[in-house]
Amino acid sequence: VNGAQALVATATQAGLSVCFANPGTTEMPLVEALDAEPAVRPVLGLFEGVVTGAADGYARMAERPAMTLLHLGPGFANGIANLHNARRAGSPVVNVVGDHTTWHRPADAPLTSDIASLARPVSHWLRENRTAGDLPGDVADAVAEACSDGGRIATLVVPADCQQDEAGAPVRPRSPRARTAVPAETVRAAAEALRGGGPGVLLLGASGLSADGLRAAGRVAAASGCRLLCGKFPARIERGGDLPAVERLGYFPEQAAKSLSGAAALVLAGERSPVTFFGYPGTPSSEVPDGVAEHRLAGPTDDVVAALEELADALGAPPAAPAAPPARPGPASGPLTPATAGQVLAALQPEGAVVVDEALTTSAPYWPASAGAPRHSVLTITGGAIGQGLPNAVGAAVACPDRPVIAYQADGSGLYTAQALWTMARESLDVTVLVCANRSYRILRAELQRSGATPGRASQTLTSLSDPAVDWVALAAAYGVPARQVTTAEEMADALRTGLTEPGPHLVELLL
Ligand SMILES: Cc1ncc(C[n+]2csc(CCOP(=O)(O)OP(=O)(O)O)c2C)c(N)n1
Ligand SMILES: [Mg+2]
């Protein structure tokens, strides 16, 4: 077997079954090796941001890594923004980056670059493979690293000759490091803090937002009276049905302050201590109000679920009881606004839906409206690098072929990685894309307004998406996705029902 065949066999044995790819000449031996391995599904992305964002969405839903296949430094660089989101999400991802044949590097051919320097900031683990003989072991290490601590980004650079040369046999899977157990005294301290008398807040993140984590958190809330919150942009949260409802920390500093005000104790369970999204003059970075005692029960890479269960036990909480779901909104009518659009989606999303929320300024009213929807998962833009939504939806649909995926998608952000629509069509993915066409970078206008600036020509030009307006129906059609534009809540409901009923991808342009 050559290096490429040993790489694919080693990865397959370790449980990888999907390769999101945009290959070039230096990856051709790997493409040939995939030809001979039916257990791995090859999925083409037409831009590397689609490839890496799909791997992130896949990892969040499958809870195991996909492989990405990327072309040298420039190909990797195109995928960095969504690897940044994946790193922030704690998603397991195995990047395989082809490089020039080792003896060709000194020739400084056009595609030569410093791949390691590009990869390091978004990779928890990075290795440059040197020989075909090392390759199976390097791959086994990469997969184990990606699966460690709940999820990490592992990047392996593989020269073309190492893919072609004779390698040894594939290597058996290596054990990942488990999430770190939380010490008993840390649990005791958190219990003490929540028992302390004043109102408590339990701020949940990472695996604390899984169904098991939420049920344990519900027990903690029942025993202590604390409120349940999650961070601004959770990687994945289970919601709806009989799960305890969780408030989401507000985006702007004053909204976050409101969420946390009045708390006597703040216990972090899988979430970092909250900070403002940007540095606003006169506003401290930390969002923890003065006088609130902060306790870290568990960090994102810890075993948050076990820590929450132990905390509930320490508080003497009874076993988890199903929460009474809040009311689900009825149908909306009239013009489309963030409120009516969110209401329509919350009213119609089916049981088991995966909602990828990159709707930015349109999505706020959707969150409370959907608390009473049937059980579903929500994925959000963890690292703030826009262009995550459509690729995440691709990956989620590949990971969960039996669940409907709904991409609630802001228009400007959607245009960063619109090529993902083609992959949805190519792979017949069951995704309904709801594009929130406000035809502007609306959030940037809000930020400009907050800063007190008087908008001038540049502010207008650099935040407008009209003139010409993007024709999403034509754009979707060009990528092979049937689409429709709607202007009222009733039309949106009709188009959403069609998208959810018919197989394959659909796009609905919501004219807001
Ligand atoms: C990779 C990247 N580039 C640029 C930005 C800056 N940015 C943040 S939001 C935004 C525009 C968002 O507009 P849209 O997606 O239409 O959402 P809306 O604000 O209209 O709801 C931009 C350009 C970013 N966050 N990430
Ligand atoms: Mg917009």
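Please give the charge dipole size of the chain, origin at the Cα centre, charges +1 on K and R Cβ atoms and -1 on D and E Cβ atoms. Round to the nearest 20 debye. Walk me through the numbers on the way to the answer.
Working: 37 positive and 50 negative charges, 235 e Å.
Rounded to the nearest 20 debye, it is 1120 debye.
Using helices alone, I'd like the mean residue ellipticity at 222 nm for the chain: each DSSP H run of four-plus residues gives -39500 (n - 2.57), total over residue count, nearest 500. All intermediate terms of the calculation are to be shown ahead of the outcome.
Values: 21 runs with 189 residues, N = 512.
So the helix-based figure for the chain works out to -10500 deg cm²/dmol.
Is the C-alpha gyration tensor of the stretch 363-409 telling us rounded, prolate or oblate? Criteria: a/c under 1.5 is rounded; beyond that, a/b larger than b/c is prolate, otherwise oblate. Spell out each step's value before the answer.
Working: a/c = 2.44, a/b = 1.10, b/c = 2.22.
It comes out oblate by the Cα gyration axes.
What FRET efficiency, computed as 1/(1 + (r/R0)^6) with R0 = 41 Å and r the Cβ-Cβ distance, is obtained for R105 and A478, rounded to the nearest 0.05? Write down the numbers at each step before the final one.
On the way: r = 39 Å, r/R0 = 0.96.
For R0 = 41 Å, the calculated efficiency reads 0.55.
Calculate the spin-label point distance for Q460 paired with D402, positioning each point 7 Å from the Cα along the beta-carbon direction, and give it in nanometres.
Roughly 5.5 nm, to one decimal.
Given charges of +1 on the Cβ of Lys and Arg and -1 on the Cβ of Asp and Glu, with all other atoms neutral, how large is the dipole of the stretch 391-471 about its Cα centre, in debye to the nearest 20?
Numbers: 7 positive and 7 negative charges, 73 e Å.
Its charge dipole is roughly 360 debye.
Where does the chain land on the Kirkwood hydrodynamic radius, alpha-carbon pairs, in angstrom?
23.8 Å is the Kirkwood radius here.
With each pseudo-label sitting 7 Å past Cα toward Cβ, what's the L444-L44 distance in nm, one decimal?
Placing both labels 7 Å beyond Cα along the Cβ direction yields 3.2 nm.
Can you find, among A469, A140, L448, the residue farthest towards the positive end of the dipole of the chain? Put +1 on the C-beta of Lys and Arg, -1 on that of Asp and Glu.
It is L448, whose Cα lies furthest towards the positive end.
Throughout, read-outs are computed from the coordinates displayed, never taken from laboratory work. Being a predicted model, the structure only gives us computed values, none of them experimental. FYI the Cβ positions are ideal-geometry reconstructions off the backbone, even for glycines, and counts take in every protein chain you see.
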